[in-house]
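The structure appears below as structure tokens.
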Amino acid sequence: MTVANWPVAELHVHIEGTLETELLVVLARRNDVALPSYDPDALRELYRFTDLQSFLDIYYANLAVLRTEADFYDLGMAYLTRASAAGVRRAEIFFDPQTHLANGIPLDVVFGGLTRALADARATLGISADLILCFLRHLGGAAALQTLDAAVPFLDQFIGVGLDSAEVGFPPSLFTEVFARAKALGLHRVAHAGEEGGPDYVHEALDLLGVERVDHGIRAIEDPGLVEILRERQVPLTVCPLSNVCLRATPTLAEHALPAMLAAGLLVTINSDDPAYFGGYIDDNLSALQREFGLDNQQLATLARNSFRASFLPEAEKRRHI
Ligand code: HPA
Ligand code: ZN
């Protein structure tokens, strides 16, 4: 087995961030949406990011091409096909309904396309996948509550809620009420924290939102007390190394916090975040780590085992993979 098809669970991937420029062009033509170029390579050339916001600006603009249920189906199927080839056996996939609602796309169109893709991928590829509905933190807590209320008729089509978009200035404390409501509805809870925001955001996500996993969490390493809490409780951290380099959350891969996080005994998993934008899928992330840090098979096996342990699969199913 090579790193390219090591069986893993992917727990931090935004379906909108898997929109490759080739599909972007197809959908733009299908729906008559203007793009700065219709050459996939030229579009990729525009992906030069200096921080999270510079990425989000392009990422949100591109999503104007997603109009119909078929578009969401094609997006979901393309990711699941590529992920399956990368060894992904289980995917817990983020999506951003507020972006699509703002573009005039009703929730039933988004759910309809994505849920059908997940069902077809299970049948044809044998991959298990579920959706996690993310709130856009820059739109605030009241908008998040409204979104959750609107999604209640679709409760059988997603397993949890998350928190993404611009981090600094939009702390987890703004979302206490909506996360409490999600818990009462029986949903899992995760949040991006400690990507650009400091360890205080990770503390808030744990203490105020009651998250079961922290997405990114790399800046937790700056706070020894927090590291001890995360280690002791074995809170999973969904780390995305190529994303962190692209968005300059770390200056270089060589300086990434991952080795320190592993050495501290944290439950770390490796993920792709927005693979169409950051230069690679989960296998590419694992290969880059292997090249940079010389990970051996035992360390790769630990990361793979962590990914299933950290997943929201039922215990019996987890054990089949571990
Ligand atoms: N951080 C925050 N929001 C996001 C990201 C991310 O890495 N990707 C897509 N939305
Ligand atoms: Zn993310």
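Read-outs throughout are calculated quantities, based only on the coordinates presented, and are distinct from any laboratory measurement. Here the structure is a predicted model, which is why all the values come from computation and not from measurement. Cβ sites come from the backbone with ideal geometry, for glycine too, and all protein chains shown count toward neighbours.
Amide H to amide H, with H built 1.01 Å from N, residue 10 comes under 5 Å of 89, 90, 91, 92, counting only residues 5 or more places away or on other chains. Inter-part distance, the range 70-115 to the range 212-287, computed on C-alpha centroids, equals 24 Å. If the segment from residue 254 to residue 315 were pulled out straight at 0.36 nm per residue, it would be longer than the present Cα-Cα gap by 18.4 nm. Averaging the sequence gap over all C-alpha pairs within less than 8 Å and six or more residues apart, then dividing by the number of residues, gives the range 113-268 a relative contact order of 16 percent. Modelled label positions at residue 102 and residue 155, each set 7 Å beyond Cα in the direction of Cβ, lie 2.8 nm from each other. In a simple Cβ point-charge model (Lys, Arg +1; Asp, Glu -1; nothing else charged), the range 3-311 has a dipole of about 640 debye relative to its Cα centre. Considered as an equivalent ellipsoid built on the Cα gyration tensor, the range 3-311 has semi-axes of 27, 23, 19 Å, the largest given first.
Taking all Cα pairs closer than 8 Å and separated by 6 or more residues, the relative contact order of the range 3-311 comes to 21 percent. Full extension of the chain between residue 212 and residue 301 yields a length gain of 29.8 nm, computed as 0.36 nm times the residue separation minus the alpha carbon distance. Label zone of residue 264 (point 7 Å out along Cα→Cβ, amide N under 12 Å): in the range 229-243 this covers 229-232, 235, 237.
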